[in-house]
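As structure tokens, the structure follows; a few thoughts come after it.
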């Protein structure tokens, strides 16, 4: 059973999209913690 | 091959980047760690780490150089299941989330995973656990030190031993300067750099090769990589899942963070970090599927990632991968140095050699132990003994044997002490037998299975009657209050 082009495309695109959002989420969390005095 | 060779950085450029980031990490490490204070502040960042830093440090530590270098290697060897299997390493982070909350609740003043095993299961199981844990930690340290030397050599031509020495030396320096605060603070910045780097490389690779061409050429030249029923790859998938769970459940790297996070942060931090980690090995690994389309001649499997980046992006690709992997190496190496030195300090030095050591002794020794561990890592990395993945998976037999003793010990008061000790020994031996007789992709599977059966059978035959409040004896005042030495490491010494 061979993976199709579509399967490969969905897998890689979804993973890359989620990984693109990750640093944005981290920075949002940092700002939230810093404003609330909860960074450390 | 010629195009790749021409894209490799000039050694002088390599030294400039290496120097610039070394200065940056040491300066940031010093700055973040300048208020570390007492031994609790140095080892556990004052137990007040918030969610943003908590998520970032869990992610950064788990995104190792192996994620960025061995994921492409595994994709090249095992195809699609190789990278999906690697991404299941995130299951360990996600499953550890409730354990982190449980650990914090049971032992608000605990210091190491060894503390728990000693009090919960007694001296014999504790010593077996320490042997496994320290062996694994050294294996991981060597793996990352080796990766550093390999990467720098592949991209710049700088001799392996020089590159490895610089990376190990820098991490040791800023960990000595700032302790866990330095580690966690730099982890945040390193995580952002790693994620941006792998994402940029992935989008550029997609744009340069395209899925149609990638699929067609791979199907023609390496069809097994697209085979969804590739038996060894499917075994690897489950094996890697259990390997990751074993690594995280037992390692003091993750326990020390459970102790260091402020109350209520451990569970969401590990859940978010796990969810965000899932795509990283796929993003970093799929570039290996471009190798057939790009007609690259890869001389060593663990150089796939850097070579593809250099081929696709020329000098800028080489610089990008260099920075990303330097950040990945540093973020894991520093965490492991800090957590392993905690284990050596509390469980070997205080637990075995100097039970009467004072708080001041421990504070002084903490830095010497980080330094000694760094030197040991450097010496063991000098001969390049194994490929990264081989070294990584050799330890799977060891760590998977600890999954059941740890999980049942945290939730099941009848879980047997003798069963825990036997499970770690029998699990490890059977996992090693499977490693040598079948392959690396079954070692953790067999080890975890044998360990589980042993725990269940022994608990049936010789159940414990453990009192959870015994773990509270590890408690010390939290926050910035300096802990009373008599309470820090348990007055009763090493025995239960």
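The values are calculated or read from the model by the stated rules, or taken from the named source; none is laboratory data. Given the structure is predicted, the values throughout are model-derived calculations rather than measurements. Here Cβ is always computed from backbone atoms with ideal geometry, including for glycine, and neighbour counts include all displayed protein chains.
The table that follows gives values for the structure above.
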| read-out | value |
| --- | --- |
| Condition broken by residue B:114, with the remaining ones in (1) closer than 30 Å to residue B:316 by Cβ; (2) part of a helix (DSSP H, G or I) satisfied | (1) |
| Only listed residue being under 22 Å from residue B:323 (Cα atoms), over 17 Å from the mean Cα position of the chain (by Cα), within 14 Å of chain A (Cβ to nearest Cβ) and at pLDDT 90 or above, chosen from B:32, B:21 | B:32 |
| Region A:31-40 - residue that is at the interface with another protein chain (Cβ under 7 Å from one of its Cβ atoms) and in a loop (DSSP other than H, G, I, E, B) and, of those, surrounded by the most Cβ atoms within 10 Å (Cβ to Cβ) | A:39 |
| All positions within region B:291-306 that are crowded, with 24+ Cβ neighbours inside 10 Å and at pLDDT 80 or above | B:291 |
| Conditions (1) over 25 Å from residue A:16 (Cβ atoms); (2) surrounded by 24 or more Cβ atoms within 10 Å (Cβ to Cβ); (3) more than 14 Å from chain A (Cβ to nearest Cβ); number of the one not met by residue B:309 | (1) |
| Residue in region B:252-275 that is more than 14 Å from every other protein chain (Cβ to nearest Cβ) and closer than 19 Å to residue A:15 by Cβ present | no |
| Which listed residue is within 19 Å of residue B:178 (Cα to Cα), within 14 Å of chain A (Cβ to nearest Cβ) and at pLDDT below 90, from B:54, B:41, B:50, B:85 | B:41 |
| Residue check, residue B:335 in a helix (DSSP H, G or I), modelled with pLDDT of 90 or more, under 18 Å from the mean Cα position of the chain (by Cα) and crowded, with 16+ Cβ neighbours inside 10 Å | no |
| Boolean, residue B:185 is part of a helix (DSSP H, G or I), within 20 Å of the chain's Cα centre (by Cα), surrounded by fewer than 24 Cβ atoms within 10 Å (Cβ to Cβ) and at pLDDT 90 or above | no |
| Residue among B:180, B:173, B:195, B:201 that is within 18 Å of residue B:321 (Cα to Cα), within 27 Å of the chain's Cα centre (by Cα) and at pLDDT 85 or above | B:195 |
| All positions within region B:157-171 that are surrounded by fewer than 23 Cβ atoms within 10 Å (Cβ to Cβ), in a helix (DSSP H, G or I) and in contact (Cβ under 8 Å) with a residue 60 or more places away in the chain | B:160, B:161, B:165, B:166, B:169 |
| Some residue of region B:346-369 being under 19 Å from the mean Cα position of the chain (by Cα), surrounded by 24 or more Cβ atoms within 10 Å (Cβ to Cβ) and modelled with pLDDT of 90 or more | no |
| Residue check, residue A:5 surrounded by fewer than 18 Cβ atoms within 10 Å (Cβ to Cβ) and within 30 Å of residue B:37 (Cα to Cα) | no |
| Residue pairs meeting the criteria (Cβ under 6 Å; at least 6 apart or on separate chains; first at the interface with chain A (Cβ under 10 Å from one of its Cβ atoms) and more than 15 Å from residue B:285 (Cα to Cα), in region B:189-208; second modelled with pLDDT under 90 and surrounded by 20 or more Cβ atoms within 10 Å (Cβ to Cβ)) | B:191/B:60; B:193/B:327 |
| Residues (at pLDDT 85 or above and surrounded by fewer than 24 Cβ atoms within 10 Å (Cβ to Cβ)) located in region B:233-258 | B:249 |
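Each row is one residue, and each column tells you yes or no for (1) over 24 Å from residue B:182 (Cβ atoms); (2) at the interface with chain B (Cβ under 7 Å from one of its Cβ atoms).
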{"residue": "A:5", "(1), (2)": "yes, yes"}
{"residue": "A:13", "(1), (2)": "yes, no"}
{"residue": "A:17", "(1), (2)": "yes, no"}
{"residue": "A:29", "(1), (2)": "no, yes"}
